[in-house]
Amino acid sequence: MNIMAIGAHPDDIEFGCGGTLINHKEFGDKVIYVCMTDTESIDATKGKVIRSESQLKSETQCAADILGVDNIFYLPFKDLHVPFSFDSVSRLETLIKQYNVDTIYTHWSGDSNQDHISTFKTTMAAARYVKNIYCYEQIPIPRHTDNPMRVNSYTDISRSFDLKIKAAECHQSQFKKYKAAGFDVSENLTTLAKFRGIQANCKYAEGFQVIKQVSQ
């Protein structure tokens with residue numbers, strides 16, 4: 001299978017479906033990693049750089065090496081300004097066709113981050129011919145929405161969980177940001193994976209909302 005994971009920013013993919021991607025690689029699938037942004041990340045209210053462009057690339061490469069992804073692509077959009085446009089759709093659709101993608105993991109429609117929402121919309125337009133589309137959960141920190149995610153599919157990541165956390169921890173710029181706000185990302189990812197594992201009757205799991213799934 002040809003798998004594509006799409007995230008607005010580096011770390012979104014690792015946090016949302018890192019364990020599942022590791023499983024895909026163990027099954028022999030090809031995994032394509034697409035980040036919609038390739039710029040530094042700046043706090044919109046304080047103007048402080050949270051993650052430099054060089055950190056973006058180095059942290060993502062660190063995580064990708066652990067996940068075992070085959071290719072990494074950065075689309076040329078600015079952090080906090082990811083568009084839903086002809087440009088974003090056509091660029092993403094070009095990659096989908098180039099790699100004959102049959103399964104996609106991306107953000108979900110009820111996410112509360114504006115870049116995540118635009119990425120979801122872009123993916124839905126660009127991936128209209130893709131057979132399988134799954135939405136992963138946002139990072140487990142305080143975020144609210146009136147369109148809650150409807151988890152209706154699970155992946156057992158009990159064997160791949162430790163590597164998922166190791167890949168997530170490559171993004172130290174984000175861990176530092178959330179720690180300053182009082183959140184332990186590794187602990188929260190563990191709590192969520194345990195909760196989904198209870199629902200799925202395994203130790204650790206990732207939950208997804210199925211947009212489309214075509215059985216062979």
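The values are calculated or read from the model by the stated rules, or taken from the named source; none is laboratory data. Only a predicted model underlies this, so the values are computations on that prediction, with no experimental measurement involved. Reconstructed Cβ throughout: ideal geometry from the backbone, glycine too, with neighbour counts over all protein chains shown.
Here is how the numbers come out for the structure above:
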| read-out | value |
| --- | --- |
| Selection from the range 39-61 of residues that are farther than 21 Å from residue 88 by Cβ, acidic (Asp, Glu) and either surrounded by fewer than 16 Cβ atoms within 10 Å (Cβ to Cβ) or over 19 Å from the mean Cα position of the chain (by Cα) (or both) | 43 |
| Subset of the range 5-35 [in contact with a strand residue (DSSP E or B) (Cβ under 9 Å, 6 or more places away or on another chain), assigned to a helix (DSSP H, G or I) and not β-branched (Val, Ile, Thr)] | 12, 14, 15, 16, 17, 18, 19, 21, 23, 24, 25 |
| Exclusive hit being buried (at least 16 other Cβ atoms within 10 Å of the Cβ), touching a residue at least 60 places away in the same chain (Cβ under 8 Å) and either at positive phi or not hydrophobic (A, V, I, L, M, F, W, C) (or both), set 155, 190 | 155 |
| Leading residue by the ranking (surrounded by the most Cβ atoms within 10 Å (Cβ to Cβ)) among those in the range 62-73 that are among the small types (Gly, Ala, Ser) and in a helix (DSSP H, G or I) | 63 |
| Residues that are at pLDDT 95 or above and of a type in the set (Phe, Trp, Tyr), drawn from the range 179-207 | 195, 204 |
| Residues (in contact with an Asp or Glu (Cβ under 9 Å, 6 or more places away or on another chain), on the phi < 0 side of the Ramachandran plot and not charged (D, E, K, R)) located in the range 65-98 | 66, 67, 74, 75, 76, 77, 81, 82 |
| Residue in the range 43-62 that is touching a Leu at 6+ places or on another chain (Cβ under 9 Å), in contact (Cβ under 8 Å) with a residue 24 or more places away in the chain and over 24 Å from residue 204 (Cα atoms) present | yes |
| Residue in the range 30-38 that is over 11 Å from the mean Cα position of the chain (by Cα) and under 13 Å from residue 82 (Cα atoms) present | yes |
| Filtered residues of the range 77-103 (kept if acidic (Asp, Glu) and either surrounded by fewer than 19 Cβ atoms within 10 Å (Cβ to Cβ) or farther than 21 Å from residue 41 by Cβ (or both)) | 87, 93, 102 |
| Selection status of residue 210, within 18 Å of the chain's Cα centre (by Cα) and either of a type in the set (Gly, Ala, Ser) or at pLDDT 95 or above (or both) | yes |
| Filter result (part of a loop (DSSP other than H, G, I, E, B), at pLDDT 95 or above and under 17 Å from the mean Cα position of the chain (by Cα)) within the range 152-169 | 157, 160 |
| Residue identified as in contact (Cβ under 8 Å) with a residue 12 or more places away in the chain and in a helix (DSSP H, G or I) among 87, 115 | 115 |
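Every residue, every condition in (1) surrounded by fewer than 23 Cβ atoms within 10 Å (Cβ to Cβ); (2) of a type in the set (D, E, K, R), yes or no:
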| residue | (1), (2) |
| --- | --- |
| 174 | no, no |
| 177 | yes, yes |
| 197 | yes, no |
| 206 | no, yes |
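Results for (1) surrounded by 19 or more Cβ atoms within 10 Å (Cβ to Cβ); (2) touching a helix residue (DSSP H, G or I) at 6+ places or on another chain (Cβ under 9 Å), shown as yes or no for each residue.
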{"residue": "75", "(1), (2)": "yes, yes"}
{"residue": "105", "(1), (2)": "yes, yes"}
{"residue": "112", "(1), (2)": "no, no"}
{"residue": "122", "(1), (2)": "yes, yes"}
{"residue": "133", "(1), (2)": "yes, yes"}
{"residue": "137", "(1), (2)": "yes, yes"}
{"residue": "140", "(1), (2)": "no, yes"}
